[in-house]
Amino acid sequence: PGMLLLEAARQAAHAATGRPSAVVGMETEFLRYAEFDAPCWVWADRLPGDPQGRRRVLVTLEQNGRRIFSADVTLEAAPDLM
């Protein structure tokens, strides 16, 4: 389910910024397998922007009280999507 975790990170980063943007980078850490039969909590925290001024969001996923995945997502503004 790694692709599902990446998609969850993408969606959480977009929801956290609230503005039209495109994902231009993602540093990920896969720590444990995600199980389909247990809830998975998604946390999104804004980070300081990168040197180019792009927005960054730290997305963390937890399941059964343990962190299973994290991603530092970099987003670039997409004004043509407004």
Practice problem: Would you point out the residue of the range 7-25, among those that are touching a residue at least 40 places away in the same chain (Cβ under 8 Å) and open to solvent by 70 Å² or more (accessible area, probe 1.4 Å), that is nearest to the chain's Cα centre (by Cα)? | Solution: Arg10
Quiz item: Does Ala34 meet the test of being of a type in the set (Gly, Ala, Ser), in a helix (DSSP H, G or I) and open to solvent by less than 40 Å² (accessible area, probe 1.4 Å)?
Solution: no
Exercise. Keeping to the range 52-82, report how many residues are under 30 Å from Pro39 (Cβ atoms) and either part of a strand (DSSP E or B) or touching a residue at least 24 places away in the same chain (Cβ under 8 Å) (or both).
Key: 20
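The values are calculated or read from the model by the stated rules, or taken from the named source; none is laboratory data. Every value quoted in this text rests on a predicted model; they were computed, and no experiment measured them. Because the Cβ atoms are built from the backbone with ideal geometry, glycine has one as well, and the counts that use them run over all protein chains shown. Only protein heavy atoms, including side chains, enter the accessible area calculation; ligands, DNA and RNA are left aside. Shrake-Rupley method; radii C 1.70, N 1.55, O 1.52, S 1.80 Å.
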